[in-house]
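Reading through the structure tokens given below for one structure.
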Amino acid sequence: MRASRIVKEGIQSLGANKLRTFFMMAGTIVGIAALTVIMAMGKGTEQNVMKKVNSFGIKAIMVTAGGGKGFSPPQEGITTLKLEDLEAIRSQVQGIELLSPGVMKRGSSIKAGNAQAQATAFAVESDFYDAWEWQLTSGEPINAEDMSTMARTCNLGTTLSRTLFGSTDPVGEYIQIGATRFLVKGVLESRGTSPSGGDMDNRVLVPLTTGMRRLLNVDYISFIRVKVKDIKDLVPIGDEIRKILHERHHITPPQEDDFAIVTATDIAEAARGISGTLSILLIALAGLSLIVGGIVLMNILLISVNERVKEIGLRRALGATQSDIFMQFLAESLAITLLGMLFGCLVGWGASLLVGMYAKAPVIISWEPFALAVVFSLTVGLFFGIQPARRAARLKPVEALQ
Amino acid sequence: MIEVKDLEKTFAKGSIATQVLKGASFSIDEGEYVAIMGTSGTGKSTLMNIIGCLDRPTGGHYTLNGTEVESLDDDALSHLRNHEIGFVFQQFHLLARASALKNVMLPLIYADEYPEDAEERAKQVLSSVGLSDRMDHRPNELSGGQQQRVAIARALVTNPSIILADEPTGNLDRKSGLDVLSIFRRLNGEGRTIIMVTHDEMTAEHADRIIQLKDGRVASDRKVQDPKDPQKELEALKTGEDDR
């Protein structure tokens, strides 16, 4: 095939000046590498976001005592969030599947025999398990009877269970929270790290009634867990709840709230936040280096056309048509960008792994950036190669040979 | 095979038009060995470019092997150059980074059909110009005379009907020049048409016919009574050296 012979001629001239070839590839290498890293980070981040949202609950809204923006655990010592608030929300807001209150106390000291631990004590309703979509791995949940009898029963998180009982099943054993003895009824399945970074498994659950009266002696709650029926209603329901609480707590913005409302949507946005800005920066870098690299490529190719005027004239004299010359130079340009793409992918791959290892950013390497790299590098090679190739093709053989 | 009639060529540079060819006419038959002579500025290079299909006339007619060249488009001209004409240039015009063999194979890339025995052919023509032991050498590893012989091999590889040589001995020492001229004489003996452009009377005398250009027209067109024999001159050169 004539075309393949001509393309070969174009590719062969790459080896002629290796340093120049490298400079022509540099922009593509950086651009494609940046692109690969962005996509690996983007994928990793998205997976991380989903993980966080799942650990928070995808249909969940948390109403916590204490002000502040963004997601943070409830502040202790805020006494304004009451069970009456929960009832008001229940009666006024449509689209809620479950409302589950709780009181929490961090750093409660817990004992079992000689073993000691610090954990967060949660006093919760019997619908806790539905509201949090949290199952038990063994034993029984806290039920309505425990609630009504103010029973001294509890469930343990896996971390606390391990600290107190090692690998033996604690169901049926007793623990002591402060000075009160509790029967361990069940063990919660492991939930891992909370969106704010705490260990969600270092906890003990007790019945709300028992917790409020016997253990903590309080008339307020730390949080209300809301589970909505439809994921689309997360934000509007959050807004409605805020309105009701403003009214009941006599707060008029800009006065600061004494509560915080966080939805699963907020969690997702917060998780994307930082990496989102970083992605935009990297995308800008990738785009810029592809364009700058393309312009450099075009200029060096134009210079090389000028340097090779005699060669072009000779080829024309020996029978090359204008399109032969055009094709030769375009092939050269495309070969450069494709080669640059290959190196770029390798560099990007390595950089992604390094980012994953040292920056602790979640990184997932997939095939998509490589497919995109082929498209981008071909586009750059074509777009910036056409002008030099056309100039080469349009040289008049007589003038070129002089 | 070549017929040139009232050939004109005018170069326009801005508003200044320079007429270089002012109606040159002649014809060259197959198998002839012709030198086109003239001092610089007489239009001999322009004429050579037109005969070589590298340029078009602005007036007159040029027929090559029965084809009206002035009516052809750029692609057809390229095709004609590849098929019918083998160029030999004063500055050799070899690709610096390619071996002698690759240089000789270059025109075949642009042939309609790439011959399966391309490399064999190239080796064969290189041998025929006495370079069988220099095929892998790059131009900078070859002498001027050897480079010009590579260029002749390149001109021959497509088996063209005409060898068109522009001052082929201009950049060579006397012995290398005579080597080139003896190759031309041999090729002509094999029936190949040779057209050689030169300003040098001594070189032109090797041809069978001299067309003298003057001021864009044919001033004289004559047969050379007793063309010089490059072999004899080479021998004379050798004896001269031996005497010293």
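When each of A:Ser167, A:Ser109, A:Ser126 is tested for being in the same structural domain as A:Arg214 (by TED's automatic domain parsing), under 36 Å from the mean Cα position of the chain (by Cα), assigned to a loop (DSSP other than H, G, I, E, B) and more than 16 Å from A:Asp201 (Cβ to Cβ), the lone residue that passes is A:Ser126. Restricting to the stretch A:231-268, and then to whatever is among the acidic types (Asp, Glu) and over 23 Å from the mean Cα position of the chain (by Cα), can you tell me which residue is surrounded by the fewest Cβ atoms within 10 Å (Cβ to Cβ)? Checking each candidate, the answer is A:Glu256.
Which residues, taken from the stretch A:242-279, are under 28 Å from A:Asn48 (Cα atoms) and either part of a loop (DSSP other than H, G, I, E, B) or aliphatic (A, V, I, L, M) (or both)? Within the stretch A:242-279, A:Ala260, A:Ile261, A:Val262, A:Ala264, A:Ile267, A:Ala268, A:Ala270, A:Ala271, A:Ile274, A:Leu278 qualify.
Of the residues making up the stretch A:192-203, those that are in contact (Cβ under 8 Å) with a residue 60 or more places away in the chain and over 18 Å from the mean Cα position of the chain (by Cα) number 3.
Taking the stretch B:1-100 and the strands (runs of 3 or more DSSP E) fully enclosed by it, the elements with 1 or more residues that are at positive phi and away from every other protein chain (no Cβ under 14 Å) are at B:2-13, B:16-28, B:59-64.
Candidates B:Lys44, B:Lys9, B:Lys5: the one that is farther than 22 Å from A:Leu314 by Cα and buried (at least 21 other Cβ atoms within 10 Å of the Cβ) is B:Lys9.
Is it the case that A:Ile224 is touching an Asp or Glu at 6+ places or on another chain (Cβ under 8 Å), surrounded by 15 or more Cβ atoms within 10 Å (Cβ to Cβ) and at pLDDT 85 or above? Taking the combined requirement at face value, the residue satisfies it. Within this structure, B:Asn140 fails the test of being of a type outside the set (A, V, I, L, M), closer than 24 Å to B:Glu233 by Cβ and more than 10 Å from every other protein chain (Cβ to nearest Cβ). Screening B:Arg154, B:Arg149 for residues that are modelled with pLDDT of 95 or more, part of a helix (DSSP H, G or I), within 14 Å of chain A (Cβ to nearest Cβ) and touching a Gly at 6+ places or on another chain (Cβ under 9 Å) leaves exactly one candidate, B:Arg154. In the set (1) within 14 Å of chain B (Cβ to nearest Cβ); (2) more than 24 Å from A:Arg2 (Cβ to Cβ); (3) surrounded by 19 or more Cβ atoms within 10 Å (Cβ to Cβ), A:Leu395 fails one condition alone, (2). Checking each residue in the stretch A:306-332 for being surrounded by 20 or more Cβ atoms within 10 Å (Cβ to Cβ) and either more than 23 Å from B:Tyr110 (Cα to Cα) or of a type in the set (Val, Ile, Thr) (or both) picks out A:Ile312, A:Thr321, A:Ile325. The set of residues in the stretch B:101-123 being farther than 10 Å from B:Leu156 by Cα, among the charged types (D, E, K, R) and not in a loop (DSSP other than H, G, I, E, B) consists of B:Lys102, B:Glu119, B:Glu120, B:Lys123.
Considering each residue of the stretch B:176-235, count those that are in contact with a helix residue (DSSP H, G or I) (Cβ under 8 Å, 6 or more places away or on another chain), part of a helix (DSSP H, G or I) and under 30 Å from B:Gln19 (Cα atoms), and give that number. Number of matching residues: 1. If the condition is being within 16 Å of B:Ile85 (Cα to Cα) and β-branched (Val, Ile, Thr), then the stretch B:165-204 contributes B:Thr193, B:Ile194, B:Ile195, B:Val197. Look at (1) part of a helix (DSSP H, G or I); (2) surrounded by fewer than 22 Cβ atoms within 10 Å (Cβ to Cβ); (3) away from chain A (no Cβ under 14 Å); (4) hydrophobic (A, V, I, L, M, F, W, C) and you find that B:Leu126 fails only one, number (2).
Please enumerate the residues belonging to the stretch A:129-159 that are over 36 Å from the mean Cα position of the chain (by Cα) and in a loop (DSSP other than H, G, I, E, B). Across the stretch A:129-159, the qualifying residues are A:Asn143, A:Thr149, A:Met150, A:Ala151, A:Arg152. Would you be able to say whether some residue in the stretch A:204-213 is surrounded by fewer than 22 Cβ atoms within 10 Å (Cβ to Cβ), of a type outside the set (Ser, Thr, Tyr) and free of Cβ contacts under 8 Å to residues at least 12 places away in the same chain? Checking the stretch A:204-213: not a single residue is surrounded by fewer than 22 Cβ atoms within 10 Å (Cβ to Cβ), of a type outside the set (Ser, Thr, Tyr) and free of Cβ contacts under 8 Å to residues at least 12 places away in the same chain. When restricted to residues that are among the hydroxyl-bearing types (Ser, Thr, Tyr) and within 14 Å of another protein chain (Cβ to nearest Cβ), the stretch A:284-341 contains 3.
Tallying residues that are surrounded by 20 or more Cβ atoms within 10 Å (Cβ to Cβ) and either more than 8 Å from chain A (Cβ to nearest Cβ) or more than 20 Å from A:Gln322 (Cα to Cα) (or both) within the stretch B:102-117 yields 4. For the stretch A:269-291, does any single residue satisfy the condition of being of a type outside the set (Ser, Thr, Tyr), buried (at least 17 other Cβ atoms within 10 Å of the Cβ) and free of Cβ contacts under 8 Å to residues at least 24 places away in the same chain? Scanning the stretch A:269-291, I find no residue that is of a type outside the set (Ser, Thr, Tyr), buried (at least 17 other Cβ atoms within 10 Å of the Cβ) and free of Cβ contacts under 8 Å to residues at least 24 places away in the same chain, so the answer is no. Inspect all residues belonging to the stretch A:333-342 and state whether any of them is under 29 Å from the mean Cα position of the chain (by Cα), buried (at least 21 other Cβ atoms within 10 Å of the Cβ) and assigned to a helix (DSSP H, G or I). There is at least one residue in the stretch A:333-342 that is under 29 Å from the mean Cα position of the chain (by Cα), buried (at least 21 other Cβ atoms within 10 Å of the Cβ) and assigned to a helix (DSSP H, G or I).
Close Cβ contacts (under 6 Å, 6 or more residues apart or on different chains) running from residues in the stretch B:90-107 that are closer than 16 Å to A:Pro397 by Cα to residues that are among the hydroxyl-bearing types (Ser, Thr, Tyr) and crowded, with 21+ Cβ neighbours inside 10 Å comprise B:Pro107/B:Thr158.
The values are calculated or read from the model by the stated rules, or taken from the named source; none is laboratory data. Computed from a predicted model, the values in this text were never measured in an experiment. Reconstructed Cβ throughout: ideal geometry from the backbone, glycine too, with neighbour counts over all protein chains shown.
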